[in-house]
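Worksheet for the structure shown next.
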Amino acid sequence: MSFWESLRISLRSIKSNKLRSFLTMLGIIIGVSAVIAMVAIGQGASSNVASQINGLGSNLLIVTPGQAQQGGVRLGAGSLNTLTLKDADEIAKQNTISAVAPDITTQGQVVWRNQNSATTIEGTTESYTEVRNTTVQSGRFFNRFEVKGQSNVAVVGTQVVAALFGDERANPVGKMILINQLPFEIIGVLESQGSQGMANNDDRILIPITTVMNRLYGKTKVRSIYISAASAAVMDKAQFDIRQVLRAEHNLSPKDEDNFQINSQAQILSTAQSVSGTMTTLLSGIAAISLVVGGIGIMNIMLVSVTERTREIGIRKAIGATRGAILQQFLIESVTLSLLGGLFGILLGVGAAMLVSKTTSLMTSIQLAPILYAFFFSMFVGVVFGVYPAYKASRLRPIDALRYE
């Protein structure tokens, strides 16, 4: 019997038991679709994270406080804050550094007339726009004279504009607002940047760091220092220079550990993508289990089919069908069930990924490789779990099969 004749008989058998065939394929459909959807969501999340991290700035290095120790136990990152404005000034003097922007972030209440909103107050310097790739859509950013003079000026995000003035397209430049009861003049509105993880970049107000430290909160330390290296080629050298400067500024001996942390853009991106990749692999592995379950379902139904068609097998063998022909027929039927399930699963998985992208804030990235992997794995499942039933059918003795009731 030719391959095409075996395929025709297999399709006829599947068609004659539509509901049973569909239920048999369901495990494969769910497994393939789940793998494709999970990988698409994971890859979309990874791309989104990469885009957000790259959007932080060019050749970015971030200095954050180190970890304090209490009773020999290390506390959380940032628990030992020794960073100062002088540290930032000394770092800026290095040849490998193009710009430095110290930063303090806190929460505050902002009021305009009878409107008020709780938002993020971020104190920084005039270099912030260069280091963090931030642009102003209207008005201007504060300058170094306003930073030195501790001026009460503010650059606001679009969500703050919407909360206070009713419409993010309103022009608040020149208006006076109160931040923790202190008056500030709005001099600019930031270009919308959207969210980065849990942080909403449009729901914040930027003011001179000296004003935050001396007038609003009386702080003496900065929370982080954003640094832009002169070029990508000198990132390692810049990181070394920063470490040497900070150790000297903090009077650390050669035996002392760093009381600060330096993270590069590449390190942050690598860590984020590693976590995202691990989660994607885990979820895809869990989803792939249903493919194995689907394969068991195929084996079960093929064994039932062999039992039901015992007399048919006996008749075919009696008129000359070989073991190879019987083996081929049932194996093709098993693989056909898997392939049909795989095709339906691909359609469902791609559709689910597109639906998630359109109806939620999650990004998805549909790529050919995981689709092909899922499809060929479904075919592999059909072969593996179809071999035994096909072999059992081929080993039936014609006389026994013809006597079967």
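The values are calculated or read from the model by the stated rules, or taken from the named source; none is laboratory data. This structure is a prediction, so every number in the text was calculated from the model and none was measured. When we count neighbours, we look across all protein chains shown, and the Cβ atoms used for this are built from the backbone with ideal geometry, even at glycine.
Assess whether ALA325 counts as being part of a helix (DSSP H, G or I), among the hydrophobic types (A, V, I, L, M, F, W, C), farther than 23 Å from ARG8 by Cα and modelled with pLDDT under 75.
no
Tell me the residue from ARG144, ARG140, ARG169 that is exposed (fewer than 15 other Cβ atoms within 10 Å of the Cβ) and over 35 Å from the mean Cα position of the chain (by Cα), please.
ARG144
On the basis of being among the small types (Gly, Ala, Ser) and crowded, with 21+ Cβ neighbours inside 10 Å, does ALA162 make the cut?
no
If PHE184 meets every condition in (1) in contact (Cβ under 8 Å) with a residue 24 or more places away in the chain; (2) not in a strand (DSSP E or B) apart from one, which number is that one?
It fails just one condition, (2).
Looking at the range 353-370, which of the residues that are touching a helix residue (DSSP H, G or I) at 6+ places or on another chain (Cβ under 6 Å) and part of a helix (DSSP H, G or I) is farthest from ALA288 (Cα to Cα)?
By that ranking, first place goes to ALA353.
Applying the selection to the range 224-260, what residues are part of a helix (DSSP H, G or I) and β-branched (Val, Ile, Thr)?
Matches in the range 224-260: VAL234, ILE242, VAL245.
Which of (1) at pLDDT 80 or above; (2) β-branched (Val, Ile, Thr); (3) surrounded by 20 or more Cβ atoms within 10 Å (Cβ to Cβ) does THR82 not meet, given it meets every other one?
Just one mismatch for THR82, condition (3).
Taking the stated definitions as given, is GLY174 surrounded by fewer than 16 Cβ atoms within 10 Å (Cβ to Cβ) and either over 23 Å from LYS93 (Cα atoms) or among the small types (Gly, Ala, Ser) (or both)?
yes
Per-residue answers, yes or no, for (1) of a type in the set (D, E, K, R); (2) at pLDDT 90 or above; (3) within 21 Å of LYS175 (Cα to Cα); (4) in a loop (DSSP other than H, G, I, E, B):
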site	(1), (2), (3), (4)
GLN109	no, yes, yes, no
THR119	no, yes, yes, no
GLY123	no, yes, yes, no
GLU130	yes, no, no, no
ASN133	no, no, no, yes
SER138	no, yes, yes, no
PHE141	no, yes, yes, yes
GLU146	yes, yes, yes, no
ALA154	no, yes, yes, no
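What is the one condition in (1) modelled with pLDDT under 75; (2) not in a helix (DSSP H, G or I) that TYR391 does not satisfy?
(2)
Quick check on the range 227-234. Is at least one of its residues touching a strand residue (DSSP E or B) at 6+ places or on another chain (Cβ under 8 Å), modelled with pLDDT of 90 or more, of a type in the set (S, T, N, Q) and closer than 30 Å to VAL155 by Cα?
no
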